[in-house]
Amino acid sequence: MTALVHRPLQIVRDERRPFLALNAVAFGLVLLGLVLGLAVPSLHQSQVATLDQTGQTDLVLRVFRTPWLFALTILGVNTLTVGAALIVLPSMVVPFLGIVLFGWKALTIGMALAPTSPTLWVAFIPHSLTVVVEFEAYVLLLLGAWVLGRSWLRPASLGATSRRRAYLLGLQRLGWLSAASFVLLVVGAVWEAYSLTQLLPWLVHTLVGPTR
């Protein structure tokens, strides 16, 4: 358990500059998407329509009334479809590909999150914390993808004399960062489920008033 904390922190300290740069890119893109969604409401609507078409909205509605199942669903979607399928696996095949793919994903997430109604503005109060926690988890994966890609191109960056050895060392670091990322995704999923099912109704009632 101690290694789960100290090893990822050591990697982050060793890779401080790319870590800060990836934070700036990830959060910058989601904020840009949010601004675009507010400025051009059709962009927000198109992202909502995409969620409807892919069945994600129906999935949320089916599990929403059961908080623990809702949290588990959020965790599964974030871990598998974003973390694994979008960032980690592509980066294991093509250097840095996961970083590029996530850049577009961050932009579209921002568009989807754009608070275009009073209720959505209230929802954004607790959900902003969700975004911070979950995106920080993604940044750890992006950092792992960066280290892995760099190890392919410059094996000496990890003190290796061959690309094969460097790739294995890069995978090891990606594994540590993935473990830390998963912990953050668990925290984010629990908070998101609680805030949307328990906290949000009270906030809407208090700040917006009873719905009719």
- Once both label points are put 7 Å beyond Cα along the C-beta direction, the Thr81-Thr57 separation in nm becomes 1.4
- Item | Taking the stretch 16-204 and dividing mean pair separation by its residue count, relative contact order in percent (alpha carbons under 8 Å, at least six apart) | 30
- Message: For a quick size check, give me the Cα extents of the stretch 16-204 along its three principal axes, largest first, whole Å.
- Response: 58, 35, 30
- Note on the structure: Any DSSP H helix in the chain with Cα axial reach of 27 Å or more and mean Kyte-Doolittle score of at least 1.0? Listed by number, the hits are 16-39, 118-153
- Spin-label zone in the stretch 164-200 - amide nitrogen under 14 Å from a point set 7 Å from the Cα of Leu9 along the C-beta vector: 180
- Query: Taking the stretch 1-99, which trypsin sites (Lys or Arg not before Pro) meet the DSSP loop condition and have no more than 12 other C-beta atoms within 10 Å?
  - Reply: Arg65
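Any read-out appearing in this document is the output of simple, stated calculations on the displayed coordinates, not a laboratory observation. Fair warning: this is a prediction, and the values are worked out from it, not measured in the lab. Glycine gets a Cβ as well: all are built from the backbone with ideal geometry, and neighbour counts include every protein chain shown.
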